[in-house]
Amino acid sequence: MSYWHTPTRGHSITAALAAIAALVVAGLLASSCGSSGIDGAGATEPPIQNTSTTVAATTTSAPTTVAPTTTLPPTTTTTKAWPKSPVLTIPAAGAVPVISTIATADPVVFLTIDDGMVRDPRVPELLAQFHVPVTLFLNQGPYLADPDYFMRVIASGGSINSHTKSHTQLTKLSAAAQRNEICGMKDIIGEHVFVAGHLFRAPYGVSNKATQTAAGSCGINAVLYWHAALNDGRVQYQQGNQLQPGDIVLAHFRDDLYDSLRAFLWQCAVQGLTVAPIEDYLPLPAGG
Ligand SMILES: [Zn+2]
């Protein structure tokens, strides 16, 4: 087994699609992985030449969706097995790709949660209630503060992955220092769980070619960005006014996470989308 993954399928789809219009409101909220309040340790080695930095798209003027305050979608069980369309098998070596969305015809989206500073006990309960798999990107301090908490968060599937050890901005580091941050955190996770996840997210949504090469050097096969975000109890879109199939959705372990997840699950139900494990769509090559 090459990665931690439980193939429990995503949360329910509700038939109650009424009042969708009431859920959509305008918003002007910024999305940033750096809003978690974790500051990096800073560069200790000379910065490398950086002519191909990749920066995450933002949702500064995107429409947003909020959940009703008193209800959640009813729980049902899906019998559908995803993925139905071909998966993307990507190499586990060399400069691995940066991915913000999965090209798929399946009615699925993917939930990711970063950092780990605030560990709300309601979050694993909510995800278990709706059988939601989730891919985590964690830093050393918050992860080691309570590894068992994060295991409960992924009880319905998903994986725990590196988000660097210290949440530093990687493009300010040498290639060797980047590798220490990326692969060092993957090693730490591997000491506590069966197998560390094989995906990576760069702090602040900033990476470069050295990031992609460093990740590939330790069995990571994709750098994940995002195509929608959860902030302040709202779903924020980079495209249109609703989720797109294949969207990677960014959230953070913050005080607003529980409310944001409720809004997200409601929006998935309204659109008939299932939250699927992204590990199914980005598998390691056979034998990887
Ligand atoms: Zn972060």
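The values are calculated or read from the model by the stated rules, or taken from the named source; none is laboratory data. Because the structure is predicted, anything quoted here is derived from the model rather than measured. For neighbour counting, all protein chains shown are included, and Cβ atoms are generated from backbone atoms with ideal geometry for every residue, glycine included.
Computed quantities for the displayed model
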read-out	value
Which numbered condition residue 263 fails, given (1) within 16 Å of the ligand (Cβ to nearest atom); (2) at negative phi	(1)
Residue that is on the phi > 0 side of the Ramachandran plot and within 15 Å of the ligand (Cβ to nearest atom), where the choices are 171, 135, 112, 164	164
Of residues in region 225-242 being closer than 23 Å to residue 124 by Cβ and within 15 Å of the chain's Cα centre (by Cα), the one farthest from the ligand (Cβ to nearest atom)	235
Residues that are buried (at least 19 other Cβ atoms within 10 Å of the Cβ), more than 16 Å from the ligand (Cβ to nearest atom) and hydroxyl-bearing (Ser, Thr, Tyr), drawn from region 138-159	156, 159
Wholly within region 171-288, strands (runs of 3 or more DSSP E) carrying at least 3 residues that are of a type outside the set (Gly, Ala, Ser)	234-237, 248-252
Single residue of 123, 118 found to be under 18 Å from the mean Cα position of the chain (by Cα), more than 18 Å from residue 225 (Cα to Cα), assigned to a loop (DSSP other than H, G, I, E, B) and of a type in the set (Val, Ile, Thr)	118
Top-ranked residue in region 173-188 [being among the hydrophobic types (A, V, I, L, M, F, W, C) and crowded, with 24+ Cβ neighbours inside 10 Å; ranked as nearest to residue 53 (Cα to Cα)]	173
Within region 189-216, considering residues that are within 16 Å of the ligand (Cβ to nearest atom) and of a type in the set (A, V, I, L, M), the one farthest from residue 248 (Cα to Cα)	189
Filtered residues of region 203-224 (kept if on the phi < 0 side of the Ramachandran plot, surrounded by fewer than 22 Cβ atoms within 10 Å (Cβ to Cβ), within 19 Å of the chain's Cα centre (by Cα) and at pLDDT below 95)	none
Answer residue from region 249-288, given it is modelled with pLDDT under 95 and acidic (Asp, Glu) and is surrounded by the most Cβ atoms within 10 Å (Cβ to Cβ) among those	279
